[in-house]
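The values are calculated or read from the model by the stated rules, or taken from the named source; none is laboratory data. It should be emphasised that the depicted structure is a prediction, and the values quoted were computed from it without experimental measurement. Glycine also receives a Cβ, built like all others from the backbone with ideal geometry; neighbour counts cover every protein chain displayed.
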């Protein structure tokens, strides 16, 4: 029996999540929810159409999707060997060692906590806009944000089985709206659907670097399926299905929706440059009627709420997984006696969201122009670093004979994906102001936080050499 098996066998029930709580469909919906498709259309996609390569965004979306498919090859390989609520933690540790894995885990925990707080703020902000558009009273964004935080926390404690139902319903409604708008554009302007959007001349003119970054950000979180491995039915099979299914769905949705926006306007780049945030609403109003713009506003609010739920669950599970080996306080690994959820970590995550949001409430700051740029910058850099670390881990483990899969799956694919991801990370760093949309010095200095978190993680793991990596073996029957 290996050391990890001994540790797993001795692990108290109080620090074990409830198994068989979620299947491939639920994991897929939570991964898709984290990307918030409608909100990505009103932000990343619209910004790329206006200030990136314009209509060529459709083609580059496919290129980025292909890169992520190559990345998923190695990612899925690692899921066959380790199952842990802190997915990147165990994945990176498997090939690069505990110190590197611990550094990655702290970076992920920070990024997901901040992302959850950012999505709560955005939910409150857009809910107020929605209510006032229907003639309701205007109230501070934080009032709706507080309600969103309460819902997110309740779903986090109640269980992943309930959260997946809520996020699945919201995802279905989002997809229906996207398909409806695309169908309307296709019926009324069929001649505008040109395959020219896939031509190299369209894809590689203008600000290609900016478009690559925004396209990648659209998919941020699709790989988070492995976080639910300990709670999954047949983990190995479910993670593989959910990872590829989430990516395929997002590629189809983003390519179709972006293509429909390019077909909706004679000069989509000029229209998007005027007001990127209004592009989708303008298209909906023109092609579906005045009612559609207000309805989309409701759906955008729900999209942000679903994203907040997804990031809350991801952050809570990272803190839970880091509490077990002592990298974070041990109380975080406590599990609810009835629901089998990481309720102590859920309480902590909600408290962190409050700590992040309260200063903006006191200062009466706009959460979209002040909080969101910082969150988007940290999240993008953190996810790129984690994905690159995962690729390096696969290659390292393969070269040391710890993986038995093909050379393509363990060396070539992760090598190609890692180089591509590193290239995009360099672009993010060099064009950080464009990515965040802010020239604030405070926002520019925010990447210091994930660096500090990573250094703490590496230091904490070396300071506790007596604590074994809490790395569960995958269910080989799954």
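When you look at residue 216, is it in contact with a helix residue (DSSP H, G or I) (Cβ under 8 Å, 6 or more places away or on another chain) and within 29 Å of residue 301 (Cα to Cα), yes or no?
The answer is yes for residue 216.
Go through (1) within 19 Å of the chain's Cα centre (by Cα); (2) over 14 Å from residue 244 (Cα atoms) one by one and return the number of the condition residue 55 breaks.
With respect to (1) within 19 Å of the chain's Cα centre (by Cα); (2) over 14 Å from residue 244 (Cα atoms), residue 55 is out only on (1).
Would you be able to say whether some residue in region 227-235 is at pLDDT 85 or above and surrounded by fewer than 18 Cβ atoms within 10 Å (Cβ to Cβ)?
no
Suppose the filter is in a loop (DSSP other than H, G, I, E, B) and in contact with a helix residue (DSSP H, G or I) (Cβ under 6 Å, 6 or more places away or on another chain); does residue 405 pass it?
yes
Looking only at region 206-244, count how many residues are out of contact with any strand residue (DSSP E or B) (no Cβ under 9 Å at 6 or more places or on another chain) and farther than 22 Å from residue 40 by Cα.
Going through region 206-244 one residue at a time, the tally reaches 5.
Does residue 121 fit the bill of being crowded, with 24+ Cβ neighbours inside 10 Å, in contact with a helix residue (DSSP H, G or I) (Cβ under 7 Å, 6 or more places away or on another chain) and part of a helix (DSSP H, G or I)?
So residue 121 fits the description; yes.
Name the single residue that is surrounded by the most Cβ atoms within 10 Å (Cβ to Cβ) among those in region 251-265 being over 12 Å from residue 185 (Cα atoms) and in contact (Cβ under 8 Å) with a residue 24 or more places away in the chain.
We begin by selecting, within region 251-265, every residue over 12 Å from residue 185 (Cα atoms); these are 251-255.
When the remaining residues are screened for being in contact (Cβ under 8 Å) with a residue 24 or more places away in the chain, the result is 251, 253-255.
Numbers: 251: 20, 253: 23, 254: 26, 255: 18.
That would be 254.
Here's the yes/no breakdown for (1) surrounded by fewer than 14 Cβ atoms within 10 Å (Cβ to Cβ); (2) at positive phi; (3) at pLDDT below 90:
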| position | (1), (2), (3) |
| --- | --- |
| 395 | no, no, no |
| 401 | yes, yes, no |
| 415 | no, no, no |
| 424 | no, no, yes |
| 430 | yes, no, yes |
| 443 | no, no, yes |
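Right, residue 114: more than 17 Å from the chain's Cα centre (by Cα), touching a residue at least 12 places away in the same chain (Cβ under 8 Å), assigned to a helix (DSSP H, G or I) and within 27 Å of residue 380 (Cβ to Cβ) or not?
When the stated conditions are applied, residue 114 does not pass them.
Any idea which of (1) within 21 Å of residue 26 (Cα to Cα); (2) modelled with pLDDT of 80 or more; (3) surrounded by 24 or more Cβ atoms within 10 Å (Cβ to Cβ) is the one residue 341 doesn't satisfy?
So the condition that residue 341 fails would be (2).
Read through the list (1) assigned to a helix (DSSP H, G or I); (2) modelled with pLDDT under 85; (3) over 26 Å from residue 253 (Cβ atoms), then give the number of the only condition that residue 85 fails.
So the condition that residue 85 fails would be (1).
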